[in-house]
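The values are calculated or read from the model by the stated rules, or taken from the named source; none is laboratory data. As the structure is a computational prediction, the values presented were derived from the model and not from experiment. Because the Cβ atoms are built from the backbone with ideal geometry, glycine has one as well, and the counts that use them run over all protein chains shown.
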Amino acid sequence: MNLERLEQAFGSLVSPTPAQLRHALVSLSPCMEQLGPYIPEPLNLPYGRKVLFSTPHVEVVLIHLPTEQESIPHNHGDSFGWELVVSGTLTNMIYVQTNNENEVLRAQTTHVSTGEYYFVEPGEIHAIRNNGQSPVVSINVYSPPLRNCRQYCPFEPTT
Ligand SMILES: [Fe+2]
């Protein structure tokens, strides 16, 4: 995955639509062989995270979520994004806000296998988890670049 290929796929996008952003990600056809040397190890988060490429309109991020790890529920501010699982199976959990603005309730869980894409809408609250036996690696593209992301507390019923 050299910078030239990222520049080719994403460099000319200006305020892309979700369809245009997905098309650019598909055109990149990333695979583990290319991404291997760049895979980030987790440091201060449950997952490793590395920005591969960014412009004022687009940000491309590589994520490495080891087995049994889970992110905190969060949104992506006003950005929308496509996330392509390149290795492993990702569990994507979608949350809704409760009456307490900091607290969220899990509403839906989906599984995203290697080679599958999923869309994250602006403002959508989600968390990612790896329930599998092998590491999850995903390549995520956002427009505009992520800013004002917010984290939430998952509400755990006591009964
Ligand atoms: Fe996210």
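Brief remarks on what is shown
- Considering region 74-94, and only residues there that are under 10 Å from Gly132 (Cβ atoms) and buried (at least 21 other Cβ atoms within 10 Å of the Cβ), the residue that is farthest from the ligand (Cβ to nearest atom) turns out to be Gly88.
- Selection count where residues are surrounded by 12 or more Cβ atoms within 10 Å (Cβ to Cβ) and under 17 Å from the mean Cα position of the chain (by Cα), scope region 7-31: 11
- Qualifying residue in region 37-59 (condition: charged (D, E, K, R), at pLDDT 95 or above, under 17 Å from Glu121 (Cβ atoms) and in a loop (DSSP other than H, G, I, E, B)): no
- Checking each residue in region 27-36 for being part of a helix (DSSP H, G or I) and in contact (Cβ under 8 Å) with a residue 12 or more places away in the chain picks out Ser27, Leu28, Met32, Gln34, Leu35.
- Scanning region 131-141 for residues that are under 24 Å from Phe53 (Cα atoms) and more than 14 Å from the ligand (Cβ to nearest atom) turns up Pro135, Val137.
- Where a residue in region 63-76 is without any contact (Cβ under 8 Å) to a residue 60 or more places away in the chain and closer than 25 Å to Asn102 by Cα and its partner, wherever it lies, is near the ligand (Cβ under 9 Å from one of its atoms) and of a type in the set (Val, Ile, Thr), with Cβ under 6 Å and at least six apart: Ser71/Ile128
- Residues in region 142-158 that are in contact with a Leu (Cβ under 9 Å, 6 or more places away or on another chain), at pLDDT 95 or above and more than 12 Å from the ligand (Cβ to nearest atom): Ser143 alone.
- Counted residues, region 1-25 - those being free of Cβ contacts under 8 Å to residues at least 60 places away in the same chain, of a type outside the set (Lys, Arg) and assigned to a helix (DSSP H, G or I): 9
- Total residues in region 131-159, condition polar (S, T, N, Q), more than 21 Å from Pro42 (Cβ to Cβ) and touching a strand residue (DSSP E or B) at 6+ places or on another chain (Cβ under 9 Å): 1
- Members of region 41-50 that are among the hydrophobic types (A, V, I, L, M, F, W, C) and either within 17 Å of Cys31 (Cα to Cα) or surrounded by 13 or more Cβ atoms within 10 Å (Cβ to Cβ) (or both): Leu45
- Annotation: of all residues in region 60-73 being of a type outside the set (A, V, I, L, M, F, W, C) and assigned to a strand (DSSP E or B), the one that is surrounded by the fewest Cβ atoms within 10 Å (Cβ to Cβ) is Glu70.
- Any hit, region 120-130, residues being away from the ligand (no atom under 13 Å from the Cβ), surrounded by 13 or more Cβ atoms within 10 Å (Cβ to Cβ) and modelled with pLDDT of 95 or more: yes
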